[in-house]
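A quick write-up on the structure given underneath.
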Amino acid sequence: MTALLEIKGLTIDIARDEGPARVVDGITLSLEQGESLGIVGESGCGKSLTMLSLVGLLPNRIRATGGTAIFGGRDLLAMSQRELRAVRGSEIGFIFQDPMTSLNPVMRIGDQIAEALIYQKSMAKPAALARAEELLATVGIPSPKERMTAFPHELSGGMRQRVMIAMGLAGEPKLLIADEPTTALDVTIQAQIVDLVRDLKSRSDMSVVWITHDLALIAGLADRIAVLYAGTVVEDAPVQALFDHPTHPYTRGLLASLPTLSDEPMSRLASIAGTPPEPGRRPPGCPFAPRCSLVEPACTAAVPQLTPVPGSDPRHRVACPVTTRGAS
Amino acid sequence: MTTLLEIRNLSKHFDLRLGAFGERGARVHALDDFSVDIAEGETLSIVGESGCGKSTTGFAILNLHHPSGGSVLYKGTDLAQLDEDAMRPFRRDLQIVFQDPYSTLNPRMTIGEALSEPILFHKLASKADLPARLAQLLQDVGLSARFASRYPHELSGGQRQRVAIARALACQPRFIVCDEAISALDVSVQAQILNLLLDLQDKYGLTYLFIAHDLAVVRHISDRVGVMYLGRLAELAPAANLFATPLHPYTRALLSAVPEANPRAPRNRQMLQGEVPSPLAPPPGCRFHTRCPLARGLCRSQTPAFREITPGHLTACHAVTSPTATNWETPA
Ligand SMILES: Nc1ncnc2c1ncn2[C@@H]1O[C@H](COP(=O)(O)OP(=O)(O)OP(=O)(O)O)[C@@H](O)[C@H]1O
Ligand SMILES: Nc1ncnc2c1ncn2[C@@H]1O[C@H](COP(=O)(O)OP(=O)(O)OP(=O)(O)O)[C@@H](O)[C@H]1O
Ligand code: SF4
Ligand SMILES: [Mg+2]
Ligand SMILES: [Mg+2]
């Protein structure tokens, strides 16, 4: 089986006055046609920048400085802005993390979605407007006809997020990259969006990369999960294997921090002590070592590589010499 | 227990102009008849479907959107009657962490400047103590002091959200509306912030109106929970009661939809039937009747009263007369 997207050794640097600071440090990930990959990781670990680099939308002063990202036989990182414009929307749909900054505040939302359709699908305006209204209904916005003429600030936070989802899906892309698309959505509407994406996946073989911190949501949506920490992949596993055998100490810490409907109210929640290293200030060896309770000399001697986890799914790999010991 | 805010019949309507030329008018019933006493030192959470009016409630209480009706009594003053000038003395006490952190941070101010502004304005620290105070605030929300020299666009989504929390805390307020304030944070940082909020509450008796969609988080930190449906409060109860014995049919459906962090967990969602009605034309009678499995004739014509079923546990439903039975023979 050939991969739809293959990221190898991606590095991203921020230009600072003191010199470049590395934020993404050698990410390798692949995604098959029709597969959905969940990405989780600590706030600030480089999830958004990694995905923005694929579609050429990195902010000023931030650049992909190494690695490749092969999509449909071509390296996205080597493409010109012009070539990328043709890829964005129609081949790779993107749902941005921050609706207020990616929606045009002075343009009616119906026109914004229609504009995307006119540009990406060469639709005529009346057809595009009709399709835009359909899309609003698909993402569960009540009175879609009336809402077509609303401005972004007239919508609730969750409605704005759903407008972003509608725009990401408008071009019927082969790959959908969704960056925290449901943070403001209640469980019922979240479930509806998950069903919608699943349905599109099975009908059109769309692949999905879904960045989220919501482990419950991702458990029901993803085939595979990659756990990021400080710009590296520390665990990559089929979803069931990850929940059955969470292995990297960071992954275990995340799962332990999860409040559940059965724990003691008002009790202190477990959280991982300390803070992640800042870009450009990463410690030698494993980036999690300063916060890890299992740390050994081997951890700081060299950057741990992804290794299969003994006793788990063969595709389950973890970058930690301590918890993968005994690997054959 | 002293009441911090006494909210009565608070409502907020938005008038919209529809059509390409604004030729048709329409009214959004974003919030109607919201009444609750918020006690000093408590955490009251508000949950409900997207668009049901949660943010509007927070905005109306703080008079950030001028209410269309009702009153908000704080220290003997009805905030709903005040204009922006008259509100100013109350602003420091009453803070909000907005759902959309980007829109609250001035893009041309560094994080340090944004945090210093309220501290200096309200004279909460001397110039000499300021750097230490900033470092403490940033550390509390899990960011290093070096973030003080960064601009908002140089932060990740979750980092920005934490700066917004630090800014609200910088004012040393008595009441904070947290509108989806931790929704962009990974669970470990989320836990850290929740612990911080609980500690501050213990130490200073802070009061929170906590708007969130993550029910596990809500159960964890709330004293009481209010469930809203289409602009109205449907149920209000101590957190433990609400999760153990939800009374309103909408609350029951909502709780059954909670996903579990386990791919094998059975997903027996009791999905709500029917379209989400629009706040542009809310259904008459009980606003939930178009999707309610228990709806009868009465529900379509009469708005159910908000009644106390067991001590402290209130709901607005014609069918619910006791915690165990749904009684249609003797509707109240
Ligand atoms: N424009 C920028 N200039 C300088 N630093 C930046 C910029 N954008 C992001 N960063 C830094 O790069 C790191 C990675 O950011 P990114 O937005 O990818 O994080 P993330 O994993 O998406 O986090 P979150 O879950 O909080 O959204 C962060 O530490 C952030 O502070
Ligand atoms: N400034 C405004 N002008 C017109 N309508 C508005 C305005 N602000 C909010 N509304 C409408 O009021 C209703 C309630 O919105 P609100 O933002 O309070 O919902 P919410 O419960 O916070 O939803 P979410 O969970 O999606 O954030 C929505 O129908 C929204 O479109
Ligand atoms: S009042 Fe009637 S329609 Fe409303 S929730 Fe109760 S039973 Fe359902
Ligand atoms: Mg991000
Ligand atoms: Mg809101």
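The strands (runs of 3 or more DSSP E) found wholly in region A:205-310 and carrying at least 3 residues that are more than 9 Å from chain B (Cβ to nearest Cβ), touching a residue at least 60 places away in the same chain (Cβ under 8 Å) and open to solvent by 10 Å² or more (accessible area, probe 1.4 Å) occupy A:232-238.
Going by what's in this entry, would A:Gly280 be described as in contact with a strand residue (DSSP E or B) (Cβ under 6 Å, 6 or more places away or on another chain) and at positive phi? Here the answer is yes, as A:Gly280 does meet what is asked. Of the set (1) within 14 Å of chain B (Cβ to nearest Cβ); (2) more than 24 Å from A:Phe288 (Cβ to Cβ), all apply to A:Cys45 but (2).
Of B:Ala234, B:Ala212, all but one fail to be more than 12 Å from chain A (Cβ to nearest Cβ), touching a residue at least 24 places away in the same chain (Cβ under 8 Å) and within 16 Å of ligand 2 (Cβ to nearest atom); the exception is B:Ala234.
Residue pairs whose Cβ atoms lie under 7 Å apart, sitting 6 or more positions apart in sequence or on different chains, and linking a residue in region B:284-308 that is free of Cβ contacts under 8 Å to residues at least 40 places away in the same chain to a partner that is basic (Lys, Arg) and away from ligand 2 (no atom under 16 Å from the Cβ), are B:Pro284/B:Arg300; B:Gly285/B:Arg300; B:His289/B:Arg300. Each residue in region B:238-257 was checked for being within 11 Å of another protein chain (Cβ to nearest Cβ) and either polar (S, T, N, Q) or away from ligand 2 (no atom under 16 Å from the Cβ) (or both), and 8 of them qualify. Residues that are closer than 14 Å to B:Leu5 by Cα, in contact with a Lys or Arg (Cβ under 9 Å, 6 or more places away or on another chain) and either more than 16 Å from ligand 4 (Cβ to nearest atom) or at pLDDT below 95 (or both) occur at least once in region B:94-110.
Out of the residues in region A:180-194 that are within 16 Å of ligand 1 (Cβ to nearest atom) and within 8 Å of another protein chain (Cβ to nearest Cβ), which is farthest from the chain's Cα centre (by Cα)? It comes out as A:Ala184. Of the residues screened, B:Leu124 is not one that is surrounded by 20 or more Cβ atoms within 10 Å (Cβ to Cβ) and either within 16 Å of ligand 1 (Cβ to nearest atom) or in contact (Cβ under 8 Å) with a residue 12 or more places away in the chain (or both).
Taken over region B:90-103, the residue count meeting the criterion of being open to solvent by 50 Å² or more (accessible area, probe 1.4 Å) and either more than 14 Å from chain A (Cβ to nearest Cβ) or in contact with a strand residue (DSSP E or B) (Cβ under 9 Å, 6 or more places away or on another chain) (or both) is 2.
Restricted to strands (runs of 3 or more DSSP E) entirely inside region B:197-260, those with at least 1 residues that are open to solvent by 10 Å² or more (accessible area, probe 1.4 Å) are B:224-229, B:232-238.
Within the bounds of region B:173-183, is there any residue that is within 13 Å of chain A (Cβ to nearest Cβ), assigned to a helix (DSSP H, G or I) and farther than 27 Å from B:Cys317 by Cβ? Checked region B:173-183: no residue is within 13 Å of chain A (Cβ to nearest Cβ), assigned to a helix (DSSP H, G or I) and farther than 27 Å from B:Cys317 by Cβ. Among the residues of region A:92-108, is there at least one that is open to solvent by 10 Å² or more (accessible area, probe 1.4 Å), away from chain B (no Cβ under 14 Å) and in contact with a Pro (Cβ under 7 Å, 6 or more places away or on another chain)? Scanning region A:92-108, I find no residue that is open to solvent by 10 Å² or more (accessible area, probe 1.4 Å), away from chain B (no Cβ under 14 Å) and in contact with a Pro (Cβ under 7 Å, 6 or more places away or on another chain), so the answer is no. Scan region B:149-166 for residues that are open to solvent by 20 Å² or more (accessible area, probe 1.4 Å) and either more than 10 Å from chain A (Cβ to nearest Cβ) or within 16 Å of ligand 3 (Cβ to nearest atom) (or both) and the total you get is 3.
Of the strands (runs of 3 or more DSSP E) lying entirely inside region B:8-77, those containing at least 2 residues that are in contact with a strand residue (DSSP E or B) (Cβ under 6 Å, 6 or more places away or on another chain) and without any contact (Cβ under 8 Å) to a residue 60 or more places away in the chain are B:24-39.
The values are calculated or read from the model by the stated rules, or taken from the named source; none is laboratory data. Here the structure is a predicted model, which is why all the values come from computation and not from measurement. FYI the Cβ positions are ideal-geometry reconstructions off the backbone, even for glycines, and counts take in every protein chain you see. The protein model used for the area step is the full one, side chains on, heavy atoms only, and it has no ligands, DNA or RNA in it. Shrake-Rupley method; radii C 1.70, N 1.55, O 1.52, S 1.80 Å.
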